[in-house]
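Data first, discussion second: the structure below is written as structure tokens.
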Amino acid sequence: MTRATPHGGDATRPTDGAEAWRTPGDRVLVTAPKADGGYYRLQWTTSEGQRGQTTGGRTFTKAWAKALARERDLELGATPRSEMPVSRGIEYWLDPNRPTPRGGWGDSHRYGMNAYARRYFLPHFGDKRCMDLRRSDIQRCVNAAPTSSEGRNIRRSAASMIGALRQGDYLLDNQVIDLSNVFWHGVTANDAQTSDSGERLEYVSPWKRPSNAQVEALRDAAARTGRRGKGQWWRGLMVEIAAYSGPRWSELVAVTTEVVDLDRRTIDLHWRVAESTGKARRLTPPKMAKRRTTIYPEVSPTGYRLGDLMRKRVDEVHVEQRQGLNRKGLLFPAPSGDWWWTGVFHRDFFEKSARAAGWEYSDLERPYDGVTRIERQWHLTWHSLRHTFCTVALEEWGLPESTVSLLAGHSVACRV
């Protein structure tokens, strides 16, 4: 293509005298500026019949290069959504109103997905166009994880995100992002997180577990809650046992004085309270039928005298039993003197205590029965206290990971 002498200051413009040019695939039209020093214009029509246009710069060379790039995108099937930055697609993925195939996310899961997006996905490829997202981008995020187990969690989160991007038409029809061969190739952040058997421990990120200070705040707040505004000191004890002995909530509310050994400071966890729709509550074996015995320290990392206060609480329960107020001999009964209901505990015990303790949460708007209601999403949950137990047992008490896994009742010995 021959060039002319400067035309309006543009020495790169073709000499054919034309005012418009089409790209080789006939998909993009480039039009000349209407005045000297003006901008070239690019116009096109997508496969869906949508028209688009943009500026091409002040020189024909820039405009033509941009037009060829635009034509390549159109040939790939680019749409307005696929050309948006991935950050927009991530907003769609995390939207609580997005329809999901298995129902809505739980609070803890949603908080985790938000954290992975904030810590890994947005910094690594948030500014990329959705149609330019590649497997290598996910691989870099996985490699940035401190341990292999955290890398696996990032890969699972990325798979969820990619599914949502495809659901929302943010990806091209032929854009395949296969994560089957994405594995962690990073460096372990802490050598203590490698098991004696050579396997990697399941890693619990700091933002997934309450700190000792947060446990102390929740304990003090819980001790002030109670029926008709009257505090019950042993509710604080319940928080400490959850954080530094590690029972699941359903196991903790089933604990009686009979399964506590005050001299050895152990608790036998042989049962949990099960709730089924349309059926009465009942005792069933723990998750995966893993009956076990766990421990608690004489003094917890918050300075709480667990040994003395457990003895005090057991003596109190014996008195309550003689008075007919606590017939099952429960260490932590509901106000009715029986087992807690899950929803009642979350509303009247955990949420009140967590708010008073200053634990963080987000209020989300959700459509419900034709109206919009506010749903509270806690960044840390009651279950997060188990993460504190595992971390303290490993890092502060120096217990082997196999022992901690057994105490916590995990499914595999290297998972903590």
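The values are calculated or read from the model by the stated rules, or taken from the named source; none is laboratory data. For clarity, every value in this text was computed on a predicted model and none was experimentally measured. A quick note on method: Cβ atoms are made from the backbone with ideal geometry, for glycine too, and the neighbour counts reach across all protein chains shown.
Pairing residues of the range 273-294 that are free of Cβ contacts under 8 Å to residues at least 40 places away in the same chain and closer than 12 Å to Trp339 by Cβ with residues that are in a loop (DSSP other than H, G, I, E, B) and not β-branched (Val, Ile, Thr), at Cβ distances under 6 Å and at least 6 apart in sequence or on separate chains, gives Leu283/Trp271.
Within the range 387-406, being among the small types (Gly, Ala, Ser) and surrounded by 21 or more Cβ atoms within 10 Å (Cβ to Cβ) holds for Ala393, Ser405.
For the range 108-127, filtered to residues that are surrounded by 15 or more Cβ atoms within 10 Å (Cβ to Cβ) and basic (Lys, Arg), the residue that is farthest from Glu351 (Cα to Cα) is Arg119. Restricting the range 141-191 to residues that are at pLDDT below 90, assigned to a helix (DSSP H, G or I) and of a type in the set (Ser, Thr, Tyr) leaves a set whose member that is farthest from the chain's Cα centre (by Cα) is Ser148.
Quick grid of which residues meet (1) at pLDDT below 95; (2) over 23 Å from Gly104 (Cβ atoms):
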residue	(1), (2)
Lys312	no, yes
Gln321	yes, yes
Gly324	yes, yes
Asp338	yes, yes
Val344	yes, no
Trp378	yes, no
Thr381	yes, no
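Filtered by the rule that a residue be touching a strand residue (DSSP E or B) at 6+ places or on another chain (Cβ under 9 Å) and acidic (Asp, Glu), the range 74-114 gives Glu83, Asp107. Set side by side, the residues Ser362, Ser384, Ser336 differ, and just one is under 28 Å from Glu150 (Cα atoms), surrounded by fewer than 16 Cβ atoms within 10 Å (Cβ to Cβ) and hydroxyl-bearing (Ser, Thr, Tyr), which is Ser362.
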